[in-house]
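Working notes for the structure below.
The values are calculated or read from the model by the stated rules, or taken from the named source; none is laboratory data. Quick caveat, the model's predicted, so the values are computed rather than measured. Positions of Cβ are generated from backbone atoms using ideal geometry, with glycine treated the same way; all protein chains shown enter the neighbour counts. Calculation scope for accessible area: heavy atoms of the full protein, side chains included, ligands and nucleic acids excluded. Shrake-Rupley method; radii C 1.70, N 1.55, O 1.52, S 1.80 Å.
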Amino acid sequence: MPEPENRSTPPRQRPNQNGDPQFNWRALLLLALSGALLAGFLVYRAPGGNVREIPFSQFRAAAEKHWVDASRPLELVSEPGNLNDYLRGWSRLSEAGAVEHFSTQVNLQFNTDLREFLESNGLEANPRTETNLMASTLLGFLPIGMFLLVLYFLFRQQIRSAGRGALNFGKSKARMMSREKNRVTFKDVAGVQEAKEEVQEIVEFLKDPKRFQKLGGHIPKGVLMVGSPGTGKTLLARAIAGEADVPFFSISGSDFVEMFVGVGASRVRDMFEQGKKNAPCLIFIDEIDAVGRHRGHGLGGGHDEREQTLNALLVEMDGFDTQEGVIIIAATNRPDVLDPALLRPGRFDRQITVALPDVKGREEILKVHAKKVKIAEGVDLGLIARGTPGYSGAELANVMNEAALMAARRGLKAITKQELEEARDKVRWGKERRSLAMSDKEKENTAYHEAGHALLGLLLPNTDPLHKVTIIPRGPSLGSTMYLPTEDKYTQRKNELLDRLIMIMGGRVAEELIFGDVTNGARGDIKQATDISRRMVCEWGMSDKMGMVEYGEHEDYVFLGRDISRNRNYSEATAQEIDQEVHALCENAHNIAKDLLSKNRSTLEAIAKALLEYETLDGSHIREIMQFGSIQNPPVSPEPPSSTPPPLKPRQASEKPSSAPGFPPEFSGAPA
């Protein structure tokens with residue numbers, strides 16, 4: 001669709017492709033013409049020019065020598081308001097000179113004998129009055145006007161910008177999207193098949209409305225896309241803009257709210273006015289929670305500009321004077337804070353959940369991004385997809401980009417499987433900090449800590465498969481134990497959670513057994529175990545003592561305006577029992593972990609020594625140690641870091657899970 005005219009852009013000063021105003025040749029031409037007219041006028045009005053100005057004494061001498069041309073009468077010119085007169089005529093001004101037009105200034109108050117002098121020399125002066133008040137006035141004010149005109153053209157853009165700022169506060173900032181600029185279609189959207197089908201139905205309705213109206217159906221007035229950050233909500237809206245043959249306006253929720261009262265509501269009305277003029281059309285509001293928050297939950301008194309803006313939005317979407325043809329598409333990752341009046345049918349008739357992609361969706365997303373880079377032959381994107389459970393579309397795009405950067409740094413011609421796997425670990429767990437100076441004592445403590453996690457992860461029957469163990473600092477941790485689930489998981493069983501608690505306690509227990517002392521490295525483990533235990537008791541009904549009762553009102557996100565007024569829905573005695581149950585779950589997990597590691601202490605020490613030697617071990621290496629007592633296929637020994645590290649050398653291929661993981665991978669380690 002054609003690019004619309006920007007209402008705030010002056011018609012004579014269109015922005016070029018870079019967004020800068022074009023040079024105004026008309027203004028320059030007008031300025032040059034005005035300057036030329038002023039110069040010509042000044043030359044015309046100047047006393048000189050082709051008239052030679054001489055003193056009166058020289059005129060007297062020429063008259064006495066009869067050099068003045070008597071055939072042409074002299075003129076005695078007087079001007080109103082001027083005390084001096086001008087005597088003009090034709091004369092030779094030297095012995096051998098030619099006849100010239102001269103002018104001399106006289107004062108009749110002092111030269112009272114001028115008439116007698118002229119008559120005695122055979123000359124005659126005709127008096128003439130020269131009145132040019134308009135020209136004199138114009139000559140006085142013209143320089144000032146020219147100066148103001150030059151200032152106007154110099155500061156023209158600033159003056160117009162100031163005018164727009166003062167008069168266009170209430171104008172909508174919605175921008176009409178161009179189909180030819182950065183066009184995205186449904187082919188570029190993958191991993192959200194159900195959401196894509198629902199929005200594709202809207203596009204089909206706009207293209208062929210009679211097909212849906214045969215049975216009396218009507219198009220939804222609003223579509224709300226809900227999902228975690230990075231799942232592709234905005235990308236889906238851009239795909240709608242690329243597919244639809246109707247005007248598409250885009251605006252952010254924060255563009256409505258300003259410091260001036262009433263501006264947000266005015267912009268909402270103006271946005272819908274633009275939509276009605278271009279109906280049928282689509283309006284996309286990104287991050288609508290910035291303007292659609294629950295009313296009545298503001299902290300403090302006074303006028304709430306956000307509420308007035310929301311009221312205007314509610315009325316325009318489904319009010320008394322609502323017109324058909326304007327479809328609202330909104331996106332948010334905080335549906336819990338939206339006002340209920342905004343979510344009801346008639347305003348947002350359809351809510352589309354854009355969830356994290358499953359293993360098939362992740363593979364499709366990787367294939368879409370693989371079209372923009374060069375992938376080596378034989379790289380199985382399905383295997384990479386199975387190794388990225390819980391990754392959003394934005395994270396997968398980042399994985400592909402990081403792999404491309406790694407391949408470029410290493411001088412490769414294409415991205416291999418190794419770069420993709422290293423990029424996956426970097427995006428989720430952070431970059432390896434090999435240059436961090438750790439003492440041998442801290443390395444040994446970290447090795448036993450991570451060995452405790454890894455060993456329990458393999459001994460317990462209900463834990464996810466071990467992916468990798470490392471004592472190389474990565475992100476905020478000094479060491480990491482990584483797990484990848486074997487299938488897409490959408491629920492968690494009690495036995496799995498209990499074994500997970502035991503595995504989390506493995507790091508602290510290993511420190512107790514080997515060193516007889518503990519460090520603060522288990523801070524993250526303790527926090528994670530406490531959170532799981534409390535949710536088992538208060539939310540999931542997994543405590544025999546507390547029963548299947550929810551204690552407290554639990555939300556995924558905190559909304560201070562709502563939560564600050566809530567009271568706890570259980571007594572102090574119940575709170576004490578909850579604390580006891582949480583403590584019992586953690587303590588029981590600690591005891592089981594201690595018993596298991598004590599029985600397998602030799603294996604624990606073998607894993608820790610292997611970590612100190614190789615720094616990073618795959619799950620297959622840990623299983624070899626448990627089965628044979630040592631590593632049968634050892635990895636490449638690490639090289640000490642230098643100030644200018646050489647290109648990374650490829651390591652041996654790691655064993656990866658063969659089935660499809662889906663639940664977010666676990667992360668255990670010693671935080672820095």
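Yes or no: the stretch 385-395 includes at least one residue that is of a type in the set (Val, Ile, Thr) and modelled with pLDDT of 90 or more.
For the stretch 385-395, residues of a type in the set (Val, Ile, Thr) and modelled with pLDDT of 90 or more: absent.
Could you tell me whether any residue of the stretch 422-430 is under 15 Å from residue 468 (Cα atoms), of a type outside the set (A, V, I, L, M, F, W, C) and in a loop (DSSP other than H, G, I, E, B)? Write out each step before concluding.
Applying the first criterion (under 15 Å from residue 468 (Cα atoms)) to the stretch 422-430 yields 422-426, 428-430.
Those left that are additionally of a type outside the set (A, V, I, L, M, F, W, C): 422, 424-426, 428, 430.
Right, trim to in a loop (DSSP other than H, G, I, E, B) and you get 430.
Yes: the stretch 422-430 contains one or more residues that are under 15 Å from residue 468 (Cα atoms), of a type outside the set (A, V, I, L, M, F, W, C) and in a loop (DSSP other than H, G, I, E, B).
So residue 437 fits all but one of (1) under 20 Å from residue 509 (Cα atoms); (2) free of Cβ contacts under 8 Å to residues at least 12 places away in the same chain; (3) not in a helix (DSSP H, G or I); what number is the exception?
Going through (1) under 20 Å from residue 509 (Cα atoms); (2) free of Cβ contacts under 8 Å to residues at least 12 places away in the same chain; (3) not in a helix (DSSP H, G or I) one by one, residue 437 breaks only (1).
If you check residue 76 against the conditions, is it over 60 Å from the mean Cα position of the chain (by Cα), modelled with pLDDT under 75 and either within 11 Å of residue 125 (Cβ to Cβ) or assigned to a loop (DSSP other than H, G, I, E, B) (or both)?
no
Can you find, within the stretch 253-280, the residue that is surrounded by the fewest Cβ atoms within 10 Å (Cβ to Cβ) among those that are touching a helix residue (DSSP H, G or I) at 6+ places or on another chain (Cβ under 6 Å) and closer than 30 Å to residue 398 by Cβ?
254
Going by the structure shown, is residue 520 out of contact with any Ser or Thr (no Cβ under 7 Å at 6 or more places or on another chain), in contact (Cβ under 8 Å) with a residue 12 or more places away in the chain, open to solvent by 10 Å² or more (accessible area, probe 1.4 Å) and more than 30 Å from residue 384 (Cβ to Cβ)?
For residue 520, the condition - out of contact with any Ser or Thr (no Cβ under 7 Å at 6 or more places or on another chain), in contact (Cβ under 8 Å) with a residue 12 or more places away in the chain, open to solvent by 10 Å² or more (accessible area, probe 1.4 Å) and more than 30 Å from residue 384 (Cβ to Cβ) - is not met.
Looking only at the stretch 472-501, filter to residues that are aliphatic (A, V, I, L, M) and open to solvent by 10 Å² or more (accessible area, probe 1.4 Å); which one of those is nearest to residue 520 (Cα to Cα)?
478
For the stretch 341-355, give me each residue that is open to solvent by 30 Å² or more (accessible area, probe 1.4 Å), closer than 15 Å to residue 231 by Cα and part of a loop (DSSP other than H, G, I, E, B).
355
What is the residue count in the stretch 214-252 for residues that are open to solvent by 40 Å² or more (accessible area, probe 1.4 Å) and on the phi > 0 side of the Ramachandran plot?
Initial filter on the stretch 214-252 (open to solvent by 40 Å² or more (accessible area, probe 1.4 Å)): 214-216, 218, 221, 228-229, 234-235, 238, 243, 245.
Narrowing the set further to residues that are on the phi > 0 side of the Ramachandran plot leaves 216.
Here the count works out to 1.
Please list, ordered by first then second residue, the pairs with beta carbon atoms under 6 Å, 6 or more apart or interchain, first in the stretch 602-614 and under 14 Å from residue 452 (Cβ atoms), second in a helix (DSSP H, G or I) and open to solvent by 60 Å² or more (accessible area, probe 1.4 Å).
Pairs that qualify, where the first residue is under 14 Å from residue 452 (Cβ atoms) and the partner is in a helix (DSSP H, G or I) and open to solvent by 60 Å² or more (accessible area, probe 1.4 Å), are 603/626.
To keep it simple, each residue is scored yes or no on (1) touching a Leu at 6+ places or on another chain (Cβ under 6 Å); (2) within 19 Å of residue 618 (Cα to Cα).
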| residue | (1), (2) |
| --- | --- |
| 414 | no, no |
| 421 | no, yes |
| 427 | no, yes |
| 433 | no, yes |
| 443 | no, yes |
| 459 | yes, yes |
| 463 | no, yes |
| 468 | no, yes |
| 473 | yes, yes |
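Here is a yes/no grid of residues against (1) of a type in the set (Ser, Thr, Tyr); (2) more than 30 Å from residue 387 (Cα to Cα); (3) open to solvent by 60 Å² or more (accessible area, probe 1.4 Å):
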position	(1), (2), (3)
581	no, yes, no
588	no, yes, yes
591	no, yes, yes
599	no, yes, yes
602	yes, yes, yes
607	no, no, no
611	no, no, no
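Does at least one position in the stretch 455-469 carry a residue that is among the acidic types (Asp, Glu), open to solvent by less than 50 Å² (accessible area, probe 1.4 Å) and in contact with an Asp or Glu (Cβ under 7 Å, 6 or more places away or on another chain)?
yes
Would you mind telling me which numbered condition in (1) open to solvent by 10 Å² or more (accessible area, probe 1.4 Å); (2) in a helix (DSSP H, G or I) residue 400 fails?
So the condition that residue 400 fails would be (1).
Going by the structure shown, is residue 513 closer than 21 Å to residue 460 by Cα, over 40 Å from the mean Cα position of the chain (by Cα) and either of a type in the set (A, V, I, L, M, F, W, C) or open to solvent by less than 10 Å² (accessible area, probe 1.4 Å) (or both)?
So residue 513 passes the test.
Looking only at the stretch 184-213, count how many residues are of a type outside the set (Val, Ile, Thr), surrounded by 12 or more Cβ atoms within 10 Å (Cβ to Cβ) and within 22 Å of residue 357 (Cβ to Cβ).
So the count comes out to 10.
Which count do you get for residues in the stretch 523-539 that are closer than 13 Å to residue 498 by Cα and surrounded by 12 or more Cβ atoms within 10 Å (Cβ to Cβ)? Walk me through how you get there before you give the answer.
As a first pass, look at the stretch 523-539 and keep what is closer than 13 Å to residue 498 by Cα: 528-537.
Filter once more, keeping what is surrounded by 12 or more Cβ atoms within 10 Å (Cβ to Cβ): 528-530, 532-537.
Looking only at that region, the number is 9.
Just give me the residues in the stretch 271-299 being over 14 Å from residue 314 (Cα atoms) and among the acidic types (Asp, Glu), in sequence order.
Once the filter is applied, which keeps residues that are over 14 Å from residue 314 (Cα atoms) and among the acidic types (Asp, Glu), the stretch 271-299 yields 273, 286, 287.
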